[in-house]
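The values are calculated or read from the model by the stated rules, or taken from the named source; none is laboratory data. Here the structure is a predicted model, which means the values were calculated and not measured. Because the Cβ atoms are built from the backbone with ideal geometry, glycine has one as well, and the counts that use them run over all protein chains shown.
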């Protein structure tokens with residue numbers, strides 16, 4: 001059976017973070033109240049800091065949008081893993097115990113492109129906009145990822 | 001990648017590209033496969049630390065096609081047929097994650 005392999009890069013290095021162009025005081029108080037959220041935001045800032053294009057306005061706006069998304073995540077949900085998509089968007093990924101997956105990509109315009117795969121026949125995808133109220137479709141997708149499967 | 005397998009972003013096409021690069025590895029041992037990843041990694045300035053192996057059936061089962069492209073290597077292929085929208089691409093990437101086997105490069 002022919003097989004193919006995709007190369008995976010080195011993990012991004014932790015080079016510290018910068019809080020340029022974010023709402024420092026407001027965010028600091030939120031992060032102080034939630035160590036796990038603090039780790040998530042630091043991961044996002046590390047991605048931005050290690051980007052060769054970090055002075056690019058679109059990259060900065062994408063980092064800000066990703067942080068806004070992270071800050072609006074329901075506190076009761078597991079912390080996602082974050083990474084950079086090849087197109088520069090920030091991806092938030094959740095993986096359930098039985099292989100369920102849900103992923104949201106955030107771009108500079110606060111557009112949320114999401115997809116979920118909960119079984120071979122149970123899948124979804126769509127687009128939401130990050131506004132004042134956290135999108136219910138995203139909440140449902142994260143919740144389904146961690147539902148117990150018999 | 002994470003402990004549960006490759007991340008979906010590892011499979012997504014780059015912006016304005018409708019394909020991803022992979023290497024055909026059938027008939028090769030592990031010791032022969034890793035240098036292929038380094039060929040791809042050379043373009044990005046990063047060595048391969050892991051790889052995600054998928055069968056041809058797994059790729060076509062996601063609605064994608066395999067097209068031989070011997071540059072930069074005779075075993076290089078392009079995986080084409082990606083949908084246009086980001087959210088549909090992400091779903092295809094999740095399907096590939098389900099079909100892929102993560103292999104971590106042994107430390108030497």
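Among all residue pairs at least 6 apart or on different chains, which show Cβ distances below 6 Å where the first residue, located in region A:66-80, is within 15 Å of residue A:132 (Cβ to Cβ) and the second is modelled with pLDDT of 90 or more?
These pairs meet every condition: A:69/A:106; A:69/A:130; A:72/A:134.
In region A:47-70, what count of residues is obtained for those that are more than 14 Å from every other protein chain (Cβ to nearest Cβ), outside any loop (DSSP other than H, G, I, E, B) and surrounded by fewer than 18 Cβ atoms within 10 Å (Cβ to Cβ)?
Here the count works out to 3.
Any idea how many residues of region B:75-97 are outside any strand (DSSP E or B) and within 26 Å of residue B:35 (Cα to Cα)?
Within region B:75-97, the first condition is being outside any strand (DSSP E or B), and the residues that meet it are B:75, B:81-97.
After this cut, where a residue has to be within 26 Å of residue B:35 (Cα to Cα) as well, the list is B:75, B:93, B:96-97.
Total meeting the criteria: 4.
Regarding residue B:32, is this residue modelled with pLDDT under 85 and more than 7 Å from chain A (Cβ to nearest Cβ)?
Details: modelled with pLDDT under 85: no; more than 7 Å from chain A (Cβ to nearest Cβ): yes.
So residue B:32 does not fit the description; no.
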